[in-house]
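The structure under discussion appears below in the form of structure tokens.
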Amino acid sequence: MNILVLNCGSSSIKYQLFDMEKEFALAKGMISRIGMSGAVLSHKPFDRPEVKVSGEILDHIQATNYVISILLSANHGVIKDRSEIHAIGHRVVHGGERFTESVLITEEVLAEIRNLIDLAPLHNPHNIRGIQACNKTLPGIPQVAVFDTAFHHRMPPHAYVYGIPYVMYKKYGIRRYGFHGPSHSYVSHRAAAVLGKPIEELKMITCHLGNGASVCAVDRGASIDTSMGFTPLEGLLMGTRCGDMDPAVILHVMGREELSLHEANTLLNKHSGLIGVSGVSSDMREIIEAANAGHSNAKLALDMYCYRLKKYIGSYTVAMGGLDAIIFTAGVGENSPEVRELTCQGLGFLGIELDKGKNETTIGKEVDISSDNSRVRVLAIPTNEELVIARDTKNIVDKKILH
Amino acid sequence: MPASKIVIIGAGVMGRGLAEAIATTGTEVVLLDRTIKIAKLGIDKTRDSLDHAITRWALTEADKKAILSRIPPSADLQVAREAGIVIESIPENIRLKRELLQKLDDLCPEETIFITNTATLSITELAAVTNRAERIIGMHFLNPVPKIPVVEVVRGLKTSDDTYKRAREFADLLGKTPVLVYEYPGYVTTRIIVPLLNEAMHVLMEGVSTAEDIDTAMKLGYGFNLGPLALADAMGLDVVMSWMENLLNELSEHKYNPCPLLRKMVRAGHLGVKTGQGFFLYDKEGNRISGEIPIAETIKIGPPRSDADRKQK
């Protein structure tokens, strides 16, 4: 069975075509600048070099047509006929409280995803556009929605309700939802496999450290708490987002600088975090470079980043009543020995101890980087959200065929 | 997102503001004017406006680059042929607008929709010179377009339901709330704001209060973002006066008679933000700068204030 995984943004579509017998990506690629002049499609078949095509791609319908064409093309393609695409899995950012697991997309499901636009105005509309485009370009092929929020649906109310009037939760659905679900799910299962233990026996903290970053307390396979909240702004210090902060700060700044809601929103989401504190970059590699070169605010940003993460590790260890493993994943987590080291420094009393050598040589690989004596295992595991989407899609389509 | 090209004609304050608002949504828009130099000047001013937005935390450098890349400048009216929507945003002059619409009507395919951005002119009268009166509609955006969340959608006598629907979709794309108005001089916003501005000028002229205090009173008292005099400066005093004269011509009501102070300031070339001086002083970026304007001296009007009064300030 071949499954096409799509992640549709406002002007971009990322795709991968999986052969599910081998769980192998036959091709992956991305279209950017949809709706603008000079749209670009970059496409990488597994066995040939990457190709780039530019042209006019006006909307998501045309874009999905391009994706299908290049998957079928004689020179760059990996399949012969569009009937070889058996199902499509979509990343959908917000599933609200309605969707607690991946679902087959029907008219009703689509309508309910649309009802959730209010909760994710920047993401859900584009995800919906991608689904509608596939309805046109690949009619009759089953489509599945995989939600960023679904993995966290078992969080208890004491973790997800905010300390504001309860009526806000009832009225507007204001609560912690959490994000990066497929990634936290993937790496926690991988970690269980690496450790050779059933996930039901493990207490883990998964640290997804990418441009956006979140930590998740995975207690025997279930997310019981996570650092991102109602939106992906809460929690860790990120590339351009502030993470946790006294909410009164923004009210004060809005008053002082006479900011509109929009301005305040971009201040917190795009001008804060590593870039806001350091003034250097939102990219951790550049922050570390600058910090090593003596840039004091870059050093401060790095310290804040790791200190915040350390606090979460402490609090989630307590929340779960123990800890068996910490997993680092995504861009920074997989590739930054410095961040992993700073974060784990001084946590020996919790039974957390890195193997210095292993940590330093582990870049983008799946490795247990803790010392032999470390009671808590520390792992670096490259994430694969697309594979989670493909697996969920396959499971749902298989079940549907059985019924 | 409309799958059709948008072209704006007129790279003035409104045209480029609209281009900025459209490009910010991720949609491409051609900004066209008589010469490529003028069109590019419009882009330069848009860059300034985006730079200002960055200082207000509203955008990042990367956003700015992406937005500007979506606004190609042009001086070739032929590009309108490929557009699904053509927006006319040239000066508020019925003769010029009619000439342009006539030219576009000859040039563009039958199905192209024309949006005319006017604050006071008659859509029906503008549409009459074309063969597509049902596909012409007025959309009155307010300055600064990227910031003001409302647009008056003005139906002419013959504007079709389908065109109206497309205009509403366009407003949705921009994230603006459309207000339907039927054709009548000044529509809603201009008709109501203009006498208010005029009255503020009378109050100033009659020496009831200072410009600063008049604005403060209205801002704090009635929740205006800008006081009436600062608002008039931002709109351009010549523009305010031309609106009043249009309303006066159409409706013959004394209340639309421009305040003598307004007439004098326009004659003196003190047109507000764009000339650096109106009721207040402005720097090149259009930011208010401090400094008392000796209105009584420069335009010789109103009762002179006593020296003692001035020293207290």
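The values are calculated or read from the model by the stated rules, or taken from the named source; none is laboratory data. All of these numbers come straight from a predicted model, not from anything done at the bench. Positions of Cβ are backbone-derived with ideal geometry, glycine not excepted, and every protein chain shown enters the neighbour counts. All accessible areas refer to the heavy atoms of the entire protein, side chains included, with ligands and DNA or RNA removed. Shrake-Rupley method; radii C 1.70, N 1.55, O 1.52, S 1.80 Å.
Assorted remarks:
- Of the set (1) open to solvent by 10 Å² or more (accessible area, probe 1.4 Å); (2) outside any loop (DSSP other than H, G, I, E, B); (3) away from chain A (no Cβ under 14 Å), all apply to B:GLU110 but (2).
- Annotation: of all residues in the range A:10-34 being open to solvent by 20 Å² or more (accessible area, probe 1.4 Å) and within 14 Å of another protein chain (Cβ to nearest Cβ), the one that is modelled with the lowest pLDDT is A:SER10.
- Conditions (1) touching a Gly at 6+ places or on another chain (Cβ under 8 Å); (2) in a loop (DSSP other than H, G, I, E, B); (3) free of Cβ contacts under 8 Å to residues at least 60 places away in the same chain: number failed by A:GLY346: (1)
- Subset of the range A:232-256 [open to solvent by 60 Å² or more (accessible area, probe 1.4 Å), within 14 Å of chain B (Cβ to nearest Cβ) and either of a type in the set (A, V, I, L, M, F, W, C) or in contact with an Asp or Glu (Cβ under 8 Å, 6 or more places away or on another chain) (or both)]: A:VAL249
- Verdict on B:ILE54 being farther than 21 Å from B:ASN117 by Cβ and within 11 Å of chain A (Cβ to nearest Cβ): yes
- If you go through the range B:148-167 and keep only what is charged (D, E, K, R) and surrounded by fewer than 17 Cβ atoms within 10 Å (Cβ to Cβ), you end up with B:LYS158, B:ASP161, B:ASP162, B:LYS165.
- Evaluating B:THR116 against the criteria (1) open to solvent by 10 Å² or more (accessible area, probe 1.4 Å); (2) away from chain A (no Cβ under 14 Å); (3) of a type in the set (Ser, Thr, Tyr) leaves one unmet condition, (1).
- The residues listed here are B:GLY42, B:GLY15, B:GLY10; of these, the one that is away from chain A (no Cβ under 14 Å), at positive phi and buried (at least 21 other Cβ atoms within 10 Å of the Cβ) is B:GLY10.
- Residue under evaluation A:ALA298, criteria (1) assigned to a helix (DSSP H, G or I); (2) surrounded by 21 or more Cβ atoms within 10 Å (Cβ to Cβ); (3) within 14 Å of chain B (Cβ to nearest Cβ), criterion not met: (3)
- Test: A:ALA145 is crowded, with 21+ Cβ neighbours inside 10 Å, out of contact with any Pro (no Cβ under 8 Å at 6 or more places or on another chain) and closer than 27 Å to A:LYS399 by Cβ: yes
- Residue match in the range A:105-120 (condition: within 17 Å of A:ASN395 (Cβ to Cβ) and in contact with a Phe, Trp or Tyr (Cβ under 7 Å, 6 or more places away or on another chain)): no
- Scanning the range B:18-39 for residues that are within 14 Å of chain A (Cβ to nearest Cβ), free of Cβ contacts under 8 Å to residues at least 60 places away in the same chain and of a type in the set (Val, Ile, Thr) turns up B:VAL29, B:VAL30.
- Matching residues, the range A:381-390, being surrounded by fewer than 22 Cβ atoms within 10 Å (Cβ to Cβ) and out of contact with any Pro (no Cβ under 9 Å at 6 or more places or on another chain): A:PRO382
- Filter pass, B:THR60 being of a type outside the set (Phe, Trp, Tyr), within 14 Å of another protein chain (Cβ to nearest Cβ) and closer than 18 Å to B:VAL145 by Cβ: no
- Yes/no for A:THR106 being in contact with a Ser or Thr (Cβ under 9 Å, 6 or more places away or on another chain) and polar (S, T, N, Q): no
- Considering the conditions (1) surrounded by fewer than 24 Cβ atoms within 10 Å (Cβ to Cβ); (2) under 16 Å from the mean Cα position of the chain (by Cα), A:SER227 is excluded by exactly one of them, (1).
- A:SER42, sole failed condition from (1) in contact (Cβ under 8 Å) with a residue 40 or more places away in the chain; (2) away from chain B (no Cβ under 14 Å): (1)
- Listed conditions (1) among the β-branched types (Val, Ile, Thr); (2) more than 19 Å from the chain's Cα centre (by Cα); (3) open to solvent by 10 Å² or more (accessible area, probe 1.4 Å); (4) within 23 Å of A:MET304 (Cα to Cα) are all met by A:VAL378, apart from (3).
- Of all residues in the range A:49-64 being away from chain B (no Cβ under 13 Å) and open to solvent by less than 70 Å² (accessible area, probe 1.4 Å), the one that is nearest to A:HIS126 (Cα to Cα): A:THR64
- Subset tally (residues that are surrounded by 15 or more Cβ atoms within 10 Å (Cβ to Cβ) and either within 14 Å of chain B (Cβ to nearest Cβ) or within 19 Å of the chain's Cα centre (by Cα) (or both)) for the range A:261-293: 20
- Selection within the range B:45-78 - open to solvent by 50 Å² or more (accessible area, probe 1.4 Å) and basic (Lys, Arg): B:LYS45, B:ARG47, B:ARG56, B:LYS65
- Scan of the range A:77-97 for residues that are more than 20 Å from the chain's Cα centre (by Cα) and either open to solvent by 60 Å² or more (accessible area, probe 1.4 Å) or without any contact (Cβ under 8 Å) to a residue 12 or more places away in the chain (or both), ordered by number: A:LYS80, A:ASP81, A:ARG82, A:SER83, A:HIS86
Every residue, every condition in (1) touching an Asp or Glu at 6+ places or on another chain (Cβ under 8 Å); (2) surrounded by fewer than 21 Cβ atoms within 10 Å (Cβ to Cβ); (3) in a helix (DSSP H, G or I), yes or no:
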{"site": "B:ASN225", "(1), (2), (3)": "no, yes, no"}
{"site": "B:PRO258", "(1), (2), (3)": "yes, no, no"}
{"site": "B:LYS264", "(1), (2), (3)": "no, yes, yes"}
{"site": "B:GLY269", "(1), (2), (3)": "no, yes, no"}
